[in-house]
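Chemist: Please see the structure below; I have some questions.
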Amino acid sequence: QQLAVNYLPHGYWFCVTGEVPAGKDPAAVDRKLIERYGVDLSRWARARRKRGGGANLHYLRWERFFVILATHGQHRFFDDEHASVFDVRRSPIRVGGYAVSFRQGRSHVRIDEERYRELKAHFLDRATHRTAATLADELRCVPFEPYAPVRRQLFIVLRAVNRARRAAGFQDVPWTALRLRRRIRRPFENGSSR
């Protein structure tokens, strides 16, 4: 959510992703990268850097996965990481089963293609072997926040399940089985859903 809502819409389109190696302290890696690329700047320092043609950076970590995001401009980051930097407008960031990119002026968050195929196959396999209520409960528990592209993917899964159920003479799973509103999470909370 932090990535899609707060950074991509503000031009942080160039990034490097990685994993904190097993056995290394994630907090130590955080400090090292933040210090190395001068990420920890005030809003005013970022504004001065931008006016001077420099790039601004942000660093995010989720569990052991991290991403360094950058805007257009000059910065040591582009020299050091030139082989690994990619543009999220062309290639999505894959994290936690999502594919996050920036298209047509807005963030685009969808279920990663491989994970989506697994999810669809799972529900199609169970479509004619479970009751509509059981399938509805399972669909409600799908662990993806319903951003617009995710909702479209889930509706496709639901339509495929209902086609299979109709062919077998079973009752449809209602569309109300899908969670259509995102849970807004505050950044840097430990997984609580206030």
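Chemist: Mind checking whether some residue in region 60-74 is farther than 27 Å from Glu145 by Cβ, within 24 Å of the chain's Cα centre (by Cα) and open to solvent by less than 40 Å² (accessible area, probe 1.4 Å)?
Modeler: The answer is no; no qualifying residue exists.
Chemist: Here's something else I'd like to know. Please go through region 168-182 and pick out each residue that is out of contact with any Pro (no Cβ under 8 Å at 6 or more places or on another chain) and open to solvent by 90 Å² or more (accessible area, probe 1.4 Å).
Modeler: The answer is Phe170, Gln171, Trp175.
Chemist: Right, here's the next one. Looking at (1) closer than 29 Å to Ile111 by Cα; (2) outside any helix (DSSP H, G or I); (3) not hydrophobic (A, V, I, L, M, F, W, C), which is the only condition Pro9 fails?
Modeler: (2)
Chemist: Hey, another quick one. Considering only residues of region 1-49 that are in contact with a helix residue (DSSP H, G or I) (Cβ under 6 Å, 6 or more places away or on another chain) and in contact (Cβ under 8 Å) with a residue 40 or more places away in the chain, which is farthest from Arg64 (Cα to Cα)?
Modeler: Looking at residues that are in contact with a helix residue (DSSP H, G or I) (Cβ under 6 Å, 6 or more places away or on another chain) and in contact (Cβ under 8 Å) with a residue 40 or more places away in the chain, I get Tyr37.
Chemist: Mind checking which residues of region 47-57 are surrounded by 12 or more Cβ atoms within 10 Å (Cβ to Cβ) and closer than 20 Å to Asp79 by Cβ?
Modeler: The answer is Arg49, Lys50, Gly54, Ala55, Asn56, Leu57.
Chemist: If Arg36 satisfies every condition in (1) open to solvent by 60 Å² or more (accessible area, probe 1.4 Å); (2) part of a strand (DSSP E or B) but one, which is the exception?
Modeler: Arg36 satisfies every listed condition except (2).
The values are calculated or read from the model by the stated rules, or taken from the named source; none is laboratory data. Because the structure is a prediction, the values reported are computed rather than measured. Don't worry about glycine lacking a Cβ; one is built from the backbone with ideal geometry, like all the others, and counts go over all protein chains shown. These accessible areas exclude ligands, DNA and RNA; they are computed on the full protein's heavy atoms, side chains included. Shrake-Rupley method; radii C 1.70, N 1.55, O 1.52, S 1.80 Å.
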